[in-house]
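**Q** Sharing a structure below in structure tokens format, with a few things to ask.
The values are calculated or read from the model by the stated rules, or taken from the named source; none is laboratory data. Quick caveat, the model's predicted, so the values are computed rather than measured. Quick reminder, even Gly has a Cβ in these numbers, built from the backbone with ideal geometry, and neighbours come from all protein chains shown. Heads up: the accessible areas ignore ligands, DNA and RNA and are worked out on the full protein's heavy atoms, side chains in. Shrake-Rupley method; radii C 1.70, N 1.55, O 1.52, S 1.80 Å.
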Amino acid sequence: MNSSGRVVVVGAGPVGLWLAAELALGGVRPVVLERELERSPHSKALGLHPRTLEVLALRGVEDGFLRTGGRAPGWHFGMLPTRLDFSALPTQFPFLLTQPQAETERLLEERARALGVRVLRGHRVTGLAQTGDEVVLEVAGPDGGYELRAGHVVGADGAGSAVREAAGIGFPGSESTFYGFLGDVELSDPPAPGASWHGEHGALMAAPLPDGRVRLVGYDPAAGAAPLTLDELRATARRIAGTDFGARSPSWLSRFGNATKVAARYREGRVLLAGDAAHRHFPAGGVGLNVGVQDAMNLGWKLASAVRGRAPESLLETYHAERWPVGVALGEHTRAQTVLITGVSAEGRAMRELFSGLLEGNRELARTLAMRLSALDVTYAEPGGDGVVGARAVLGEGLFRHFHAGTPVVLSADGGVVADGVPVVRVPAAELPRPGLAAALIRPDGHVWRVFEDAGEVAGAVRELWPAVGAGVSG
Ligand SMILES: Cc1cc2nc3c(=O)[nH]c(=O)nc-3n(C[C@H](O)[C@H](O)[C@H](O)COP(=O)(O)OP(=O)(O)OC[C@H]3O[C@@H](n4cnc5c(N)ncnc54)[C@H](O)[C@@H]3O)c2cc1C
């Protein structure tokens, strides 16, 4: 095929896999290049937040996740004793789904492959060059090096992104100055699930894992960057929690730093970045994978539209405009949480006490933070606009299924609306984004695209924003 229609996704982590599936749904079947031969058995992330569950539900694949994951009614902010309550949030999924990253990736790969995506394992991208209207990738494959030409390349290749580096995109921010610890271990004397400790010797949280082990994770001010040993993990736990819980048989011992960076641009010509390749941070609040999947949801339909000629290439600029501020906000709130987690001095502990008390007594503050952590507050509304266009559409249970095909959807209070190529769904006027509307056009990613006081304008707007295109393309 002509390389201009080919899209290559670099990295088969959760973000690359969801993006590939979204592209395939949009009629562009990408190639995914992954350097590792096997998926890692170790799970960095352990949870899916409400907005990610909505994203999965917009494509009708949430059941597999809900069946295998556990439900927690809320989550922590900076490991404060007062937990954030998700149960009253405005979503069909008001909980945190506990789910190891390895299982999330297995399900996402299953989804991508079902849509015809090719995942090539053992193929490491080593360089790229943009020439005119194509990108030339250098790849080290199982049978040696080769070049691959593509119209667009997405770097979903994690924090050390080779794509970002080769495209010359800066990654400004701060380097790691301290490290957290993580041990997936068997415990003879396990604490209650989700139990946590904080004091002058550090912070520790215990999270149960599906294989019967428990993750001991936290911050030890006495530790450095050297590889973690079981003896050290036990000594750390004794200092912080007063016991090592009889920890033994680790399946994974690791450390992670507090480097916090956001890519200078999410798009450089025909190269785009998503997930950890675009933003990295201390894993406080368990949000990185979630934000990355939401990047992919924003990018997938836009890139497919641009490749298929449904939309101008400039639509891709809105990906940077909408998601870069989310990456910056992610760095800010994880840094704020990091101060709370690592605040082991008398002053730090006083700050935690004060903040936790405020959260306990101020429901509005707690709700605001819960909306932030769960990503339900993410809006692409323009400053000075009506606050509705660009906002996340709050969908009732029966509405998600209309988005399964990956097209926009018209919600209409007026029975007479017709529009070519997109579902038109009759809803009570109260379910439209604001009072006084006759209809709303919702983007494939579940954000409000346009609103109408006059239902007669819907068909024309759909023709302009979602014109018909020919058959899909594959790489
Ligand atoms: C200790 C810890 C706990 C965490 N807990 C949570 C949590 O609870 N919730 C949460 O949401 N997030 C959490 N995160 C963050 C989360 O794990 C990451 O945000 C997530 O993995 C990012 O996904 P990704 O697909 O962008 O990148 P990655 O998962 O890093 O995947 C990138 C893929 O690209 C491949 N690759 C890299 N370079 C190349 C190359 N040159 N060529 C080809 N392939 C390449 C890699 O092999 C990898 O498969 C945690 C992180 C850590 C460290």
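**Q** If you fit an axis through the alpha-carbon atoms of helix 288-307 and take the longest principal axis of the Cα set of the chain, what angle between them do you get, 0 to 90°, nearest 10?
**A** Result, in degrees: 20.
**Q** Using the per-residue mean of other Cβ atoms lying within 10 Å as a proxy for protection, in what order, highest first, do the peptides 255-264, 366-375 fall? Working shown, then result.
**A** Working: 255-264: 18.5, 366-375: 21.0.
Most protected by this proxy first, the peptides run 366-375, 255-264.
**Q** Need one word for the chain: rounded, prolate or oblate. Basis is the Cα gyration tensor (sqrt eigenvalues a ≥ b ≥ c); a/c below 1.5 gives rounded, then a/b vs b/c decides. Please list the in-between numbers first.
**A** Details: a/c = 2.00, a/b = 1.34, b/c = 1.49.
Verdict is oblate for the chain.
**Q** Angle check, please: helix 346-361 long axis (alpha carbons) against the longest principal axis of the chain (alpha carbons), in degrees 0 to 90, nearest 10.
**A** 50 degrees
**Q** Counting DSSP beta bridges in the stretch 359-475, what percent are antiparallel, to the nearest 5? All intermediate terms of the calculation are to be shown ahead of the outcome.
**A** Values: 9 of 12 bridges.
Once the DSSP bridges in the stretch 359-475 are tallied, antiparallel ones form about 75 percent.
**Q** Could you give the distance between the Cα centres of the stretch 391-408 and the stretch 270-284, to the whole Å?
**A** Using only Cα atoms, the two centres lie 26 Å from each other.
**Q** Counting only C-alpha contacts under 8 Å and six or more residues apart, can you give the relative contact order of the stretch 255-303 as a whole percent? Walk me through the numbers before you get to the answer.
**A** On the way: 40 pairs, mean separation 16.9, N = 49.
Result for the stretch 255-303 is 34 percent.
**Q** Let me ask you something else. If I fit a long axis through the Cα atoms of helix 14-25 and take the longest principal axis of the Cα atoms of the chain, what angle between them do I get, 0 to 90°, rounded to 10?
**A** The helix 14-25 is inclined about 10 degrees to the chain.
**Q** Right, something else. What are the residues whose amide H is under 5 Å from the amide H of Phe171, where those residues sit 5 or more places off or on another chain and H is modelled from the backbone?
**A** It is Ala264, by chain and number.
**Q** Also, I was wondering about something else. Expressed in nm to one decimal, what extension gain is obtained for the pair Asp63 and Ala222 from 0.36 nm per residue of sequence separation less their Cα-Cα distance?
**A** On the way: separation 159, 0.36 × 159 = 57.24 nm, distance 4.32 nm.
Computed gain between Asp63 and Ala222 is 52.9 nm.
**Q** Among 285-293, 377-385, 306-314, 437-445, how do they line up from the highest to the lowest mean number of other beta-carbon atoms within 10 Å? Show your work: numbers first, answer last.
**A** Details: 285-293: 25.2, 377-385: 13.9, 306-314: 16.7, 437-445: 23.7.
The peptides rank, most packed first, as 285-293, 437-445, 306-314, 377-385.
**Q** Using only alpha carbon pairs under 8 Å that are at least six residues apart, calculate the relative contact order of the stretch 407-475 and give it in whole percent.
**A** Values: 116 pairs, mean separation 21.4, N = 69.
Reported relative contact order: 31 percent.
**Q** Let me ask another. State in Å² the accessible area per residue of the chain; use a 1.4 Å probe, count heavy atoms of protein chains only, and round to the nearest integer.
**A** Working: 19270 Å² over 475 residues.
Value for the chain: 41 Å² per residue.
**Q** Could I ask something else about it? With a cut-off of 8 Å between alpha carbons and a minimum separation of six or more residues, what is the relative contact order of the stretch 53-153 in percent?
**A** For the stretch 53-153, the relative contact order is 16 percent.
**Q** Can you compute the charge dipole magnitude of the stretch 325-381 about its Cα centre, using +1 on each Lys and Arg Cβ and -1 on each Asp and Glu Cβ, nothing else charged? Give it in debye, rounded to the nearest 20. Walk me through the numbers before you get to the answer.
**A** On the way: 6 positive and 6 negative charges, 15 e Å.
It works out to roughly 80 debye.
**Q** A further question on this structure: Amide H to amide H, which residues 5 or more places from Ala195 or on other chains are under 5 Å from it, using H placed in the peptide plane?
**A** Ala206
**Q** A further question follows. List the GluC sites (Glu not before Pro) in the stretch 20-66 that DSSP assigns to loop (not H, G, I, E or B) and whose Cβ has at most 16 other Cβ atoms within 10 Å. Which are they? Spell out each step's value before the answer.
**A** On the way: sites: Glu22, Glu34, Glu36, Glu38, Glu54, Glu62; in loops: Glu36, Glu38.
Counting only loop positions with at most 16 other Cβ atoms within 10 Å, the GluC sites (Glu not before Pro) in the stretch 20-66 are Glu36, Glu38.
**Q** Out of residues 5 or more away from Ala247 or on other chains, whose amide H comes under 5 Å of its own, with H placed 1.01 Å from N in the peptide plane?
**A** Here Ser188 satisfy the definition.
**Q** Output the antiparallel fraction of DSSP beta bridges having both residues in the chain, as a percent to the nearest 5.
**A** Working: 59 of 78 bridges.
Roughly 75 percent of the DSSP beta bridges within the chain come out antiparallel.
**Q** Which whole-angstrom value gives the distance between the alpha carbon centres of the stretch 300-373 and the stretch 74-89?
**A** 15 Å
**Q** Contour minus end-to-end for Ser254 and Glu464, with contour as 0.36 nm per residue of separation and end-to-end as the Cα-Cα distance?
**A** Working: separation 210, 0.36 × 210 = 75.60 nm, distance 5.13 nm.
Result: 70.5 nm gained on full extension.
**Q** Another question, if that's okay. Can you compute the modelled spin-label distance between Asn362 and Ala195, with each label point 7 Å from Cα toward Cβ, in nm?
**A** 3.2 nm
**Q** Ordering Asp231, Asp184, Asp414 by how much accessible area each has at a 1.4 Å probe, largest first, what is the list?
**A** Details: Asp231 115, Asp184 10, Asp414 70 Å².
Correct descending sequence by accessible area is Asp231, Asp414, Asp184.
**Q** While we're here: Have a look at the DSSP beta bridges in the stretch 1-121 and tell me what percent are antiparallel, nearest 5.
**A** On the way: 7 of 14 bridges.
The answer is about 50 percent antiparallel.
**Q** Just the number, please: carbon plus sulfur as a percent of the accessible area of the chain, 1.4 Å probe, no ligands or DNA/RNA counted.
**A** Carbon and sulfur: 51 percent of the exposed surface of the chain.
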